[in-house]
Amino acid sequence: MPSFAFSVDDDPPHSGFSLGHLDVSGSDGTATTRGHVPDERLMVYLAAAQLLWDVRVLVDAGRGTRKFVGTDSSFTLVFSLKKAEVETRHGRQAIDVSTVDDFRAAVLDGARGLYELGSAEVEEDRKPLDDLAAAIAKYESWHRHPP
């Protein structure tokens, strides 16, 4: 099962538009926004909401490929759904192949972890954090009642 770990890179006070990182790991490899030129940090709260949306679109389609591009970043992940398994790739590098259910749960765990951090840390421009909360609620409802 892959892991999606968001973190905020900005010094406090954090805002809903704070930049940060996404670290993705799986059984076949890892990918990160860290240490790239040009800088691949992303607006983490907006990116987490976008990731939830992209996963829903892919799984609802039942097959195919979906590309996630980090908000305000050039960092990309490609998800391919085939025969009830999702392959996660970063460029040419395979990161993970897992069941749809495990993949869906991993994405939700990553978004929830970021939201918990943001709830305690965001002091300014809370709208993106509120949008992430709404995206998580919608995803949880969808996750409980899959297509």
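Read-outs: derived from the displayed coordinates by stated rules, not from any lab. All values reported here derive from a predicted model rather than from experimental measurement. Here the Cβ is made from the backbone with ideal geometry for all residues, glycine too, and neighbour counts use every protein chain on show.
Couple of notes before you dig in:
- Of the strands (runs of 3 or more DSSP E) lying entirely inside segment 38-147, not one is found with 3 or more residues being of a type in the set (Ser, Thr, Tyr) and surrounded by 14 or more Cβ atoms within 10 Å (Cβ to Cβ).
- The set of residues in segment 40-90 that are on the phi > 0 side of the Ramachandran plot and in contact (Cβ under 8 Å) with a residue 60 or more places away in the chain contains only 62.
- Per this entry, residue 32 is not counted among residues that are surrounded by fewer than 20 Cβ atoms within 10 Å (Cβ to Cβ), more than 14 Å from the chain's Cα centre (by Cα) and polar (S, T, N, Q).
- Only one of 44, 78 that is more than 12 Å from residue 6 (Cβ to Cβ) and under 15 Å from the mean Cα position of the chain (by Cα): 78
- Going through (1) crowded, with 21+ Cβ neighbours inside 10 Å; (2) of a type in the set (A, V, I, L, M, F, W, C); (3) part of a loop (DSSP other than H, G, I, E, B) one by one, residue 24 falls short only on (3).
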